[in-house]
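Undergrad: Before we start, here is the structure in question, set down as structure tokens.
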Amino acid sequence: MLVTLQGDLGAGKTTLVRAVLKALGVTGRIKSPTYPLLETYNVSSLYLYHFDFYRIKGPLELEDAGFRECFAGPGLCFVEWPERAAGWLPAPDVTLTLRVEDAGRTLLAASGSDLGKECLERTFNA
Ligand SMILES: Nc1ncnc2c1ncn2[C@@H]1O[C@H](COP(=O)(O)OP(=O)(O)OP(=O)(O)O)[C@@H](O)[C@H]1O
Ligand SMILES: [Mg+2]
């Protein structure tokens, strides 16, 4: 499953992913993947990938790093700055867009697949 996060620098993308990872059972410090581009977590049999593509130079860098297989497997991928990998990234199941609103944030959540739709329905209609 692929969840992309859009929004300006400091919009709260990493903060949101951090909260989701914690809720899924990730313990310990959750770092921003700003420099390594990817942080990987494992909870039970679930693989979680947190990417930040802000600093990538192009799709070749993503291919060379072997990131393709993260998206091909059964794991859950979060991608900050998906616009930087447009044309390379598969279609997202869920797109989250954050906007700074005074001291808080506004979240727009959209599904791009049946899986994403089910995920959002379970999250927001619970
Ligand atoms: N929902 C929120 N309400 C208030 N403050 C928030 C919220 N989410 C994040 N912040 C604050 O905004 C700052 C930036 O957050 P964060 O690092 O998550 O942004 P980001 O979108 O990942 O930025 P970047 O594009 O640089 O990766 C942090 O200081 C964080 O505490
Ligand atoms: Mg971030």
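Undergrad: Roughly how many debye, to the nearest 20, is the charge dipole of the chain about its Cα centre, given +1 on each Lys and Arg Cβ, -1 on each Asp and Glu Cβ, and no other charges? Display every interim value, and only then the final one.
TA: Details: 13 positive and 15 negative charges, 74 e Å.
Dipole about the Cα centre, nearest 20: 360 debye.
Undergrad: Another question, if that's okay. Quick check on region 1-74: take the gyration tensor over C-alpha atoms, sort the square-rooted eigenvalues as a ≥ b ≥ c, and tell me if it's rounded (a/c under 1.5), prolate or oblate. Walk me through the numbers on the way to the answer.
TA: Details: a/c = 1.90, a/b = 1.17, b/c = 1.63.
Because a/c hits 1.5 or more and a/b fails to exceed b/c, region 1-74 counts as oblate.
Undergrad: In what sequence, largest accessible area first, do 93, 102 appear using a 1.4 Å probe? Walk me through the numbers before you get to the answer.
TA: Working: 93 25, 102 145 Å².
The ranking, largest first, comes out as 102, 93.
Undergrad: Hey, another quick one. Please say if the chain is rounded, prolate or oblate, where rounded means a/c under 1.5 for a ≥ b ≥ c the square roots of the C-alpha gyration tensor eigenvalues, and otherwise the choice is prolate for a/b larger than b/c and oblate otherwise?
TA: Working: a/c = 1.29, a/b = 1.17, b/c = 1.10.
Verdict is rounded for the chain.
Undergrad: Residue 54 to residue 113: extension gain in nm, 0.36 nm per residue of separation minus the Cα-Cα distance? Spell out each step's value before the answer.
TA: Working: separation 59, 0.36 × 59 = 21.24 nm, distance 2.49 nm.
Net length gain for the segment: 18.7 nm.
Undergrad: Taking square-rooted eigenvalues a ≥ b ≥ c of the alpha carbon gyration tensor, is region 64-126 rounded, prolate or oblate, where a/c under 1.5 means rounded and, failing that, a/b exceeding b/c means prolate? Let's see the in-between values first.
TA: Details: a/c = 2.51, a/b = 1.36, b/c = 1.84.
In terms of gyration-tensor shape, oblate.
Undergrad: If each residue of separation counts as 0.36 nm, what is the full-extension length gain between residue 15 and residue 105 once their alpha-carbon separation is subtracted?
TA: Values: separation 90, 0.36 × 90 = 32.40 nm, distance 1.11 nm.
Full extension of this stretch gives 31.3 nm more.
Undergrad: So if we plug the beta-carbon distance of residue 63 and residue 24 into 1/(1 + (r/R0)^6) with R0 = 41 Å, what FRET efficiency do we get, rounded to 0.05?
TA: Working: r = 28 Å, r/R0 = 0.69.
Working from the Cβ atoms, E equals 0.90.
Undergrad: Name the aspartates and glutamates eligible as straight-distance cross-link partners of residue 117: C-alpha to C-alpha under 18 Å, and not fewer than 8 places from it in the same chain.
TA: Within reach: 93.
Undergrad: Give the percent of DSSP beta bridges with both residues in the chain that are antiparallel, rounded to the nearest 5.
TA: On the way: 14 of 27 bridges.
Of those bridges, close to 50 percent are antiparallel.
Undergrad: Name the aspartates and glutamates eligible as straight-distance cross-link partners of residue 13: C-alpha to C-alpha under 13 Å, and not fewer than 8 places from it in the same chain.
TA: Straight-line reach from residue 13, under 13 Å: 52, 80.
Undergrad: Sticking with this structure for a sec: How much accessible area per residue does the chain have, counting only protein heavy atoms and a probe of 1.4 Å, in square angstrom?
TA: Numbers: 7410 Å² over 126 residues.
On a per-residue basis, 59 Å².
The values are calculated or read from the model by the stated rules, or taken from the named source; none is laboratory data. Just so it is clear, the model here is predicted, and its values are computed rather than measured. Every residue, glycine as well, gets a Cβ built from its backbone with ideal geometry; the counts of neighbours run over all protein chains shown. The protein model used for the area step is the full one, side chains on, heavy atoms only, and it has no ligands, DNA or RNA in it. Shrake-Rupley method; radii C 1.70, N 1.55, O 1.52, S 1.80 Å.
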